[in-house]
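Presented below is the structure to which this report refers.
Derivation of every value follows stated rules applied to the coordinates shown; laboratory data play no part. Nothing here was measured: the structure is a model prediction, and the numbers come from that model. Neighbour counts run over all protein chains shown; Cβ positions are idealised from the backbone, glycine included.
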Amino acid sequence: MTTPDGDSIRRIASGSADFREVFNAVEARGEADLDRVDGDVRAILSDVRERGDAAVFDAVAKFEGRQPEPLFMRSYDGASQLEALPKDQREALQFAADRIATFHQQQLRTYKTLLMDSDGVRLASRATPLQRVGVYAPGGKAAYPSSVLMSVIIARVAGVEDIIVASPDPSPIVRAACHLAGATGLLDAGGAQAVAALAYGTRSVPAVDKIVGPGNIYVAAAKRMVFGTVDIDSIAGPSEILVIADASADPKVVAADLLSQAEHDESAYPLLLCDSESLADAIEAEVFEQLVALPRREIAATSVRNNGLIVLADSREQMLELGDRLAAEHVSVQTRDAREFAEKLRHAGAIFIGHHTPEAAGDYVAGPSHVLPTGGAARFASPLGIYDFLTHTSLIEYSREGLQRQSASIETLAEAEGLTAHAEAVRVRLRRG
């Protein structure tokens, strides 16, 4: 369908000749072209590793056009910035913070020590919080205090002692969110230079154990390169939403949800999967009608025109199959029996169930983190959670009797692998009497 103004969203039907080619290309959207910035990022990382703070200052001046003073702060004026916010903003941040904390306190309860104790063998799995983490909070086109809450609070609930937020030229509301969430330090830098400072440490910036949070292509490339020196949560790509809709859906609601992600960035993916051409027509018309009123309409329009896609499926079963193949960051299920449909979906970062559940609720106040796998990574990755800030240690303790019972099996397997010293380590204990 083309609107009277000549606008349209790319559309494919499951039986069309070009379906496989177009759908496969969208399915592979996570294959970001990080290689094109690898050289620049590698140079920044190397410079920061060698020259520390001076290299970070130079990179901030070059790429951000400013000179932070100071670069790293333990005291960042967050309390007064929180108090100075308009009352509605302050209360909304507090409401969101409380819900995020409550949800993840419940999640933490599932990470109690696991224990087996039988036949003289005591086994346990102990969860230990990381000591220091870095949280990247994007700047640039917009400030995201919600991303601060959605990462820092989880780390704090997990028991992380030192939580450093990196954000370029952090605004008052970002500083307020850092204070409310419990951040213990603030790095006034963005891009690959911030990732490098967190990973390697400088004279003023302490090195962290893990870096989490989304960012642009330079941040993603830098996180990929420092993995191994530190842990990372994921390599995040552009934001995306997949709305799965049938005749029960309201076109106005579906269009609003698609645009809620399109307005993030020109590279965002607003995707619609439905089983009716007339519904697709109505939703497409609504998208372009609602676009006109958006303050960020140019960003959203570029996203819709370049990355928007309507997929027409021929059955409910095919919608499930194609939805799983896309494994989207946000999946909004607006169908009859939406909960039943959602339970059958295997792969999604977060699923928003039913006509009254906007994706925006997940972005701000629902409770689970909005830091989610993108680009199809939901096939193997999970939302940011308590588990991201814990290491697990196995605890193994044998009595003499327990070792005696299992010694034959241990020795047999050791000898089968040609590792005689392994077997002898068992025998020497048993010979002690």
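Provide the gained length on full extension for the span ARG400 to ALA43, in nm with one decimal, where the gain is 0.36 nm per separating residue minus the Cα-Cα distance.
Contour length minus Cα-Cα distance gives 122.9 nm.
I'd like the orientation of helix 400-416 relative to the chain: the angle between its Cα long axis and the longest Cα principal axis, in ° from 0 to 90, rounded to 10.
70 degrees
Which angle between 0 and 90 degrees, to the nearest 10, do you get for helix 251-262 versus the longest principal axis of the chain when only C-alpha atoms count?
60 degrees
Students often check this: by mean Cβ neighbours within 10 Å, which of 305-312, 417-424, 71-78 ranks highest, and how do the rest follow?
305-312, 71-78, 417-424
Could you state the number of Å between the C-alpha centres of region 180-197 and region 301-374?
31 Å
So who's got an amide H within less than 5 Å of the one on ASP337, skipping anything under 5 residues away but keeping other chains? H placed 1.01 Å off N, in plane.
Sorted by chain and number, the residues that satisfy this come to none at all.
With unit charges on the beta carbons (Lys and Arg positive, Asp and Glu negative) and the dipole taken about the Cα centre of the chain, which residue among VAL165, ALA17, GLY354 sits farthest to the positive side?
Result: VAL165, furthest along the dipole toward the positive end.
Between LEU114 and VAL292, what's the calculated FRET efficiency when r is the beta-carbon distance and R0 is 41 Å? Round to 0.05.
Efficiency at R0 = 41 Å is approximately 0.15.
Put a dot 7 Å past each Cα toward the Cβ at ALA416 and GLU50; how far apart are the dots in nm?
Once both label points are built, they end up 5.3 nm from each other.
So what is the relative contact order for region 144-229, in percent, with contacts set as C-alpha pairs under 8 Å and at least six apart?
Rounded, it is 26 percent for region 144-229.
Would you mind ranking SER46, SER239 by Cβ crowding within 10 Å, fewest neighbours first?
By the 10 Å Cβ count, ascending, the order reads SER46, SER239.
Using 0.36 nm per residue, how much length does the chain from ASP35 to ALA84 gain when fully extended, once their Cα-Cα distance is taken away?
Once the chain is fully extended between ASP35 and ALA84, it gains 13.3 nm.
State, as an integer percentage, the relative contact order of the chain based on alpha-carbon contacts under 8 Å between residues 6 or more apart.
Relative contact order, the chain: 20 percent.
Please work out the Cα convex hull volume for region 301-417 and give it in Å³ per residue.
Each residue corresponds to 237 Å³ of Cα convex hull volume.
Give the angle, between 0 and 90 degrees and rounded to the nearest 10, that separates the Cα long axis of helix 297-307 from the longest principal axis of the Cα atoms of the chain.
70 degrees
Once label points are set 7 Å from the Cα along Cα→Cβ at both LYS344 and GLN131, what is their separation, rounded to one decimal in nm?
Calculated label separation equals 5.1 nm.
Which far-off residues, 5 or more places away or on another chain, put their amide H under 5 Å from the one on LYS210, with H placed in the peptide plane?
Placed amide hydrogens put GLY134, ASP231 under 5 Å from LYS210.
Rg and Dmax in Å for region 293-367, alpha carbons only: what are they?
13.9, 38
If you rank PHE352, PHE19, PHE57, PHE389 by fewest surrounding Cβ atoms within 10 Å, what's the result?
In increasing order of surrounding Cβ atoms, one gets PHE19, PHE57, PHE352, PHE389.
Please rank THR184, THR393, fewest neighbouring Cβ atoms within 10 Å first, as an exposure proxy.
THR393, THR184
Please report the antiparallel percentage of DSSP beta bridges with both residues in the chain, rounded to the nearest 5.
30 percent
Specify whether the C-alpha gyration tensor of region 35-232 places it in the rounded, prolate or oblate class, a ≥ b ≥ c being the square roots of the eigenvalues: rounded for a/c under 1.5, otherwise prolate if a/b is larger than b/c and oblate if not.
oblate
How far apart, in nm, are two points set 7 Å out from the Cα along the Cα-to-Cβ line at LEU430 and at HIS355?
My value for the distance between the label points is 7.1 nm.
Please sort 321-330, 394-403, 95-104 by packing, taking for each peptide the average over its residues of neighbouring beta carbons within 10 angstrom, highest first.
Sorting 321-330, 394-403, 95-104 by mean packing, highest first, produces 321-330, 95-104, 394-403.
Report the full-extension gain for the segment ASP7 to ALA25: residue separation times 0.36 nm, less the Cα-Cα distance, to one decimal in nm.
4.3 nm
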